[in-house]
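Asker: Here it is, the structure in full.
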Amino acid sequence: RKEVEQDPGPFNVPEGATVAFNCTYSNSASQSFFWYRQDCRKEPKLLMSVYSSGNEDGRFTAQLNRASQYISLLIRDSKLSDSATYLCVVNIIASGTYKYIFGTGTRLKVLA
Amino acid sequence: DTEVTQTPKHLVMGMTNKKSLKCEQHMGHRAMYWYKQKAKKPPELMFVYSYEKLSINESVPSRFSPECPNSSLLNLHLHALQPEDSALYLCASSPTQDRADGYTFGSGTRLTVV
């Protein structure tokens, strides 16, 4: 089982739709969680951190469920510019050091 | 300055060549990272430097040799690469290795080995 798993998609949604992505992680000692966005042939960029109580940033809402070991990202009122790959990232402790593990990514295509 | 700068942006090299990738940041970050990303795959961690010391080597072949000359610079020396090493090489930095604020990535070096 991969350490961080996501549905690869693609998710094709019309403009204005609400879309949700899930991510599961296997290491129960995972410390912190993030969503990154990566456009085609560009570097990943931090979209938002994910906090235990859930957090919102404009049209984006992130949730964490530690008991079930999954993270979600909800995008409301999708825009064409939201088309990208969304990467779930988990910070784990391994052999006494921290490292980020990236999920496989979920491709989103917002259609006009 | 909130950027991580990588050079060159593109590199084509033969299997017998020696080349280096460079990464620079002036944000005062003390952790720096090399990732490798193949097409349609997530970034894979290669090396982590923390306070200029190698903290993690993810069993990377010795044809890749990292170097951290000072807290702002990170190099990746390449020698005798294989065509399957062609990928996007991403550098990232963070305040410290255990500071979970998120990484800042450079725009990457797209490497082609011929």
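Asker: As an exercise: evaluate residue B:61 against (1) on the phi > 0 side of the Ramachandran plot; (2) away from every other protein chain (no Cβ under 14 Å) and give the number of the one condition it does not meet.
Answerer: With respect to (1) on the phi > 0 side of the Ramachandran plot; (2) away from every other protein chain (no Cβ under 14 Å), residue B:61 is out only on (1).
Asker: Take residue B:45 and decide whether it is within 20 Å of residue A:45 (Cβ to Cβ), more than 14 Å from chain A (Cβ to nearest Cβ) and not acidic (Asp, Glu).
Answerer: No.
Asker: From the list B:71, B:86, pick out the single residue that is under 16 Å from residue B:6 (Cα atoms), away from chain A (no Cβ under 13 Å), more than 12 Å from the chain's Cα centre (by Cα) and touching a residue at least 24 places away in the same chain (Cβ under 8 Å).
Answerer: B:71
Asker: Is it fair to say residue B:79 is touching a residue at least 24 places away in the same chain (Cβ under 8 Å) and in contact with a Pro (Cβ under 7 Å, 6 or more places away or on another chain)?
Answerer: Here the answer is no, as residue B:79 does not meet what is asked.
Asker: Looking at this structure, is residue A:37 at pLDDT 95 or above, basic (Lys, Arg) and surrounded by 15 or more Cβ atoms within 10 Å (Cβ to Cβ)?
Answerer: yes
Asker: Are there any pairs, at least 6 apart or on different chains, whose C-beta atoms fall under 6 Å, with the first in segment A:22-41 and more than 13 Å from chain B (Cβ to nearest Cβ) and the second surrounded by 21 or more Cβ atoms within 10 Å (Cβ to Cβ) and part of a loop (DSSP other than H, G, I, E, B), and if so, which?
Answerer: none
Asker: Would it be correct to say that residue A:112 is more than 26 Å from residue B:107 (Cα to Cα), away from chain B (no Cβ under 14 Å) and in contact with a helix residue (DSSP H, G or I) (Cβ under 8 Å, 6 or more places away or on another chain)?
Answerer: Answer is yes for this residue.
Asker: Within segment B:31-48, which residues are within 15 Å of residue A:94 (Cα to Cα) and among the aromatic types (Phe, Trp, Tyr)?
Answerer: Across segment B:31-48, the qualifying residue is only B:47.
Asker: Residue check, residue A:104 against (1) under 15 Å from the mean Cα position of the chain (by Cα); (2) of a type in the set (Val, Ile, Thr); (3) in a strand (DSSP E or B); (4) within 13 Å of chain B (Cβ to nearest Cβ), all met but one. Which one?
Answerer: (3)
Asker: Could we say that residue B:61 is out of contact with any Leu (no Cβ under 8 Å at 6 or more places or on another chain) and part of a loop (DSSP other than H, G, I, E, B) here?
Answerer: Yes; evaluated as a whole, the condition is true for this residue.
Asker: In the list A:101, A:93, A:75, A:71, which residue meets the criterion of being among the β-branched types (Val, Ile, Thr), out of contact with any strand residue (DSSP E or B) (no Cβ under 7 Å at 6 or more places or on another chain) and touching a residue at least 40 places away in the same chain (Cβ under 8 Å)?
Answerer: A:93
Asker: Considering B:8, B:43, B:61, which residue is out of contact with any His (no Cβ under 8 Å at 6 or more places or on another chain) and buried (at least 19 other Cβ atoms within 10 Å of the Cβ)?
Answerer: B:43
Asker: Do we find that residue A:13 is surrounded by 14 or more Cβ atoms within 10 Å (Cβ to Cβ), hydrophobic (A, V, I, L, M, F, W, C), away from chain B (no Cβ under 14 Å) and out of contact with any helix residue (DSSP H, G or I) (no Cβ under 6 Å at 6 or more places or on another chain) in this structure?
Answerer: Yes.
The values are calculated or read from the model by the stated rules, or taken from the named source; none is laboratory data. A quick note: this is a predicted structure, and the numbers were derived from the prediction, not measured. Here the Cβ is made from the backbone with ideal geometry for all residues, glycine too, and neighbour counts use every protein chain on show.
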